[in-house]
Every structure is written in structure tokens, then in C-alpha cells.
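Since the structure comes first, as C-alpha cells, the remarks are kept for the end.
The values are calculated or read from the model by the stated rules, or taken from the named source; none is laboratory data. Owing to the predicted nature of the structure, the values given are computational and were not obtained by experimental measurement. When we count neighbours, we look across all protein chains shown, and the Cβ atoms used for this are built from the backbone with ideal geometry, even at glycine.
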Amino acid sequence: MPSDVILYCFEGFELDPARFELRKDGRPVPVEPQVLSLLLLLVANAERMIDKDEIVEKIWDGRIVSEAAISSRVKSARQAIGDDGKNQRLIKTVHGRGFRFVGNVRSDVVRAATPSPNAPADGSTTPVAPERPSIAVLPFRIVGEPGPYDFMANALPDELITDLARLRYLFVIARGSSFRFTSHDADVAAIGATLKVRYILTGSVESLGREVIVRVELCDTRSGGVIWNERYRGDAKDASGLRASILASVVANVEQRIPMHEAQQARLLPDMQLDAWAAYHLGLDHMFRFNRADNLRAAELFRRAIDQDAHFARAYGGLSFTHFQNAFLHHTDDYAAEVVAAKDLALRAIQSDALDPFAHFNLGRTHWLDGDVRASIASLEHSTILSPNYAQGVYAKSWARTLAGDSAGGEDDVLLALSLSPLDPMRFAMIGTRAFAHLTSDRIESGAALAEQAAYTPGAHRHIMVIAAIGAHLAGNAEKARKWIARAEQGGTKASASEFLRAFPFAEGHAREVMERALLDLGL
């Protein structure tokens, strides 16, 4: 039988510990769990001041957090109940010591309701860490008459569970639980509620004579909507090759599509309701726009995520990425400080999660900024060992190999990256890498065409415009080369050979000679 619990009431608000809910005039008020936990701590102890040490102990489980993180949570708590730091009508700051709830609180005894699914599992008011996006892979259904390749209906999902588990940001339900359901079950919302997952991957296998058709679908369990689907066809004789290509494609698409979808969901939330994961994914959305303003916004969101979760490896990686961009694209004048920050944050990401390929990707790219291409290749290879289908890691390794003079190996890698993630936000850089590989191996016409394609691809920045100018120059089109230099300098920063070669530290040899001669001819 449910026991009686206390309901805290003040100024039309009800704070319900049993349901882990704040209500205003009977209607739920959206509040993120950490802020709600802080409100409960303050309101339940309105007779005394709560010092900062107790707040850290109760709200952050004793983890080290910054003063800014505490202030941010207090600010959000005040906003939720119509208070602010200037008036401090309900939550008073005791300077240098802590906080106290000074509103008039009435404690009503009521029959406990069923706990909210947002409440911590142990019934305490301390929130759990922000939840990673979660996914269940269901066994695929067999379409049509039974065939010799029906085994793929279970084999593919089984292997996908293993491969998706390598994506460190994603929580993957084990086979023993997800295989209790099948793709025949149409109610993804019900399955999601049972397994407590945000996403479900379903599919089908069909044999048509000598052909095998596999369909895959990624669904959001909250809305029931389809986020992505794809159909794969192949000769039954090459079932193993088809299987490998499906696995690589599905993992690459999940790696890309879920963060994009999470960012879309986060954009619908007011800033005060962004938890660590929402802030991180929204940060990714800004990070991949490759301009100064969005880079600053991304950094702000990643810092917010770290303030809420000091062990959030991917947020440290994202923040490292923004400092890399500041140095690489000359967004700030203090190049050395940005390089140090990018490297330190990448190392923090690795310390938080040594198995996260994104962390090693960021560390590998910081070595470019030091001109240490060998160290870069080592880190990027580690990234792709951890996640062989991580398209951006494969691309970055291709770039490093090209800088080291291995044009053939670099092109092999970049072609794989493009096949793994054909709609990647860094597609322009992938195509630019192919252009480098062609231009530095005397395939001038194709290299110039690829360089121009890269420059026209969304996201392309001014270094890509300079590559297009180099391609046009080497192909003998001086007018087009001048046009691309003008495009590169539209932001007011003059293009220069020294800046370009600092961004792309080619090893001594033929490739560097080609670049230096072209830059000199272009007057840079």
C-alpha cells in the first residue's frame, strides 16, 4: 500500500517528492531533474541554510564541480518558481556560504502517488547522471517465402548490437532483452516504454530468387516517427559482402542520425531545461556550422554540459573541437593558447573515457596544429580501431596520411569515409582531402574538379576556398583561381601561405613542394 508523503506548497506551487514533480496551480512545470532536486533540498530544509558543500554532496554526489555550475542550477531553480537573483524573494543567497529558501512553505500530508518515471530509482531526490540516448535492435522479420538466407534476420541484428555498442555515447540494450520482441511488433512506443529506450532499430529480410533485400528502419519511440530508413540489395552469392556493407552503413548512419535528431529535440527546449546531453547535442549542431559565431555558441553549450556532468567525455571532446577550430580557422589571435586548450581538453576526454573514438579523434587533430603528423596518425588509427565505421575518424586519418605524403593510402581512407557517411557535415573536408590526394599525385584535372566540388559543398570554410584556388591554378585557370582567393578573403582575413601550411603541415617531399610552389605563384 502506498504510504503518506509530504507535499510542499508555496505561492501556488506544489513540490511533490513522490512524483518528483513541480506544479503551478495544479499543472506540471517543466524542470530538469537536477534543478528539481535542488529545489527539493532547499524547500524541505527551509528552516536552515544549505551550504555549498552539502549541495555538492546531495546534488552532484560529491563530485568536484565549479562555482559556475552551482550558480547555474540556482539560477534555473529561481526561474522555475518565478524568482530571480536580484529580488531573491524565495531563494536567498548567503554570500560566501550557501543558500536558503525563505518563502512561506506549507507542508501537506497526502497519499503518495505512483512515482514519476523521471524520479531516481532509489526514491531519493538526487538525480541520476544525464541519460545517454538508448537503442534496442530487434530481430528482423522475414518477408515472403522462406529462403536460404533467412538466418540474416537474426544474424544482422546480433552483429549490429555488438557494433553499435562501440559508439560510446549510445546505450545499447542487450540481445537477451531486445530479442524478446520482433519487428512484427508494430507498436514501437510500447516496446520503447518496456525496454526504456528512446530508439528502436527494426528491419526485414527478403529473398527474391538470387537476390537478397534487407530493409532497415530507425524509429523514435517517443513519437513513433521514422528517423531514417534504407534498403539494401545484393546477390545472394555474396551474402558475406552484403552483410559487411549493411553493418558499416547502419552503424555510420546511427552515429550521425541520432545526434542530429537529439539536436532537433534540444532546439525545442528552453535553455533552462537543457540537461547535459541536450546541451551537448545542441552544441554539436552549432559546432558543425564552421563559423565563428556558431563555434562560440557550441563552446558555451559544451561548457554547460560539463558543468552538469564533470565526467562527460564527449562534451570535453566537443569543447576541444571548438578550440581546434579557433586555431585552425584563425578565429582568435592567440593561436598557441587555442592549441594548448584543444589538446588539454582532448586529454580530459580520454581520461574520462579512454574508449571513446571521438576523444582520440580530437587528440589526433590537435597534433596537426603542432605539425606532428606521425603523432596525429597514431591517435587517429586508435580512434578507428575503437570504432572501424567511425566515418569522421576514417576521414581525419585519410587527411593525416595525405599530409604525410601517402596520397594513395589517404584516398583509400577518404573513399571509405564518404561511403560510410555520404551526408556527413564534414563532407566538404572529405572531398577536399581527395582533392589534395589528386593534386599532389599529379592528377591535376580531377584534383581541380574535386577541389571546386569541396568549395561548393555546405560547410566549406576559407581553407577549402584556397584549395580550390590551388586546383584552378594548377589546371591553368588563373581567373577562377583569383575568384576563389577572393572568396577565401571575404571575411576580411588575408589568405597567406604561412597560415595555410600551418593548418596543413605537409611533410617534406613532393606534396609539400607542389603546395608551396602553387601558393607562391598565387601571390600568397
**Request:** Could you tell me which residue of region 26-57 is surrounded by the fewest Cβ atoms within 10 Å (Cβ to Cβ), considering only residues that are under 23 Å from Arg106 (Cα atoms) and basic (Lys, Arg)?
**Result:** Arg27
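Which members of region 220-244 meet the condition of being more than 30 Å from Trp277 (Cα to Cα) and touching a Phe, Trp or Tyr at 6+ places or on another chain (Cβ under 9 Å)? Before the answer, list the steps.
Here is the first cut: in region 220-244, the residues more than 30 Å from Trp277 (Cα to Cα) are 231-244.
Passing the criteria: Ala236, Ala239, Leu242.
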**Item:** Tabulated pairs, region 201-225, first within 30 Å of Gln265 (Cβ to Cβ), second of a type in the set (Lys, Arg) and part of a loop (DSSP other than H, G, I, E, B), C-beta under 8 angstrom, 6+ apart or interchain
**Value:** Asp220/Arg198; Thr221/Arg198; Arg222/Arg198
**Message:** If a residue must be under 25 Å from Val514 (Cα atoms) and in contact with a Lys or Arg (Cβ under 7 Å, 6 or more places away or on another chain), how many such residues does region 377-403 contain?
**Reply:** 2
**Asked** Is region 18-31 home to any residue that is closer than 20 Å to Ile306 by Cα, in contact with a helix residue (DSSP H, G or I) (Cβ under 8 Å, 6 or more places away or on another chain), modelled with pLDDT under 85 and not assigned by TED's automatic domain parsing to the domain that holds Trp277?
**Response** yes
**Request:** Being over 24 Å from the mean Cα position of the chain (by Cα), assigned to a strand (DSSP E or B) and either farther than 27 Å from Ser421 by Cα or not basic (Lys, Arg) (or both) narrows it down to one of Ile213, Ile227, so name that one.
**Result:** Ile213
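Suppose we filter region 227-244 for residues that are surrounded by fewer than 16 Cβ atoms within 10 Å (Cβ to Cβ) and either touching a Leu at 6+ places or on another chain (Cβ under 6 Å) or hydroxyl-bearing (Ser, Thr, Tyr) (or both); how many remain? Steps first, answer last, please.
Of region 227-244, the ones surrounded by fewer than 16 Cβ atoms within 10 Å (Cβ to Cβ) are 229-231, 233, 235-238, 240-241, 244.
From the residues that got through so far, the ones that are either touching a Leu at 6+ places or on another chain (Cβ under 6 Å) or hydroxyl-bearing (Ser, Thr, Tyr) (or both) too are 240.
The qualifying residues number 1.
Looking at region 420-459 only, could you name the residues that are of a type in the set (Asp, Glu) and over 27 Å from Val250 (Cα atoms)? Outline the logic, then answer.
Just the residues of region 420-459 that are of a type in the set (Asp, Glu), to begin with: 424, 442, 445, 452.
Asp442, Glu445, Glu452, listed by residue number.
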**Message:** Just to be sure I understand, how many residues within region 439-451 are modelled with pLDDT of 90 or more and surrounded by fewer than 23 Cβ atoms within 10 Å (Cβ to Cβ)?
**Reply:** 5
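Would you point out the residue of region 367-396, among those that are charged (D, E, K, R) and under 21 Å from Glu411 (Cβ atoms), that is surrounded by the fewest Cβ atoms within 10 Å (Cβ to Cβ)?
Residues of region 367-396 that are charged (D, E, K, R), as a first pass: 370, 372, 374, 381.
Pick out the ones that are also under 21 Å from Glu411 (Cβ atoms) and you get 374, 381.
Working: Arg374: 10, Glu381: 16.
Step by step, filter region 367-396, then rank; the result is Arg374.
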**Message:** Name the single residue that is modelled with the highest pLDDT among those in region 32-60 being outside any helix (DSSP H, G or I) and not hydrophobic (A, V, I, L, M, F, W, C).
**Reply:** Asp51
**Residues satisfying the stated conditions in region 61-82, i.e. in a loop (DSSP other than H, G, I, E, B) and without any contact (Cβ under 8 Å) to a residue 12 or more places away in the chain** = Gly62
**Complete:** Of the residues in region 471-504, those that are part of a loop (DSSP other than H, G, I, E, B), at pLDDT below 90 and not basic (Lys, Arg) come to Glu489, Gln490, Gly491, Gly492, Thr493, Ala495, Ser496, Phe504
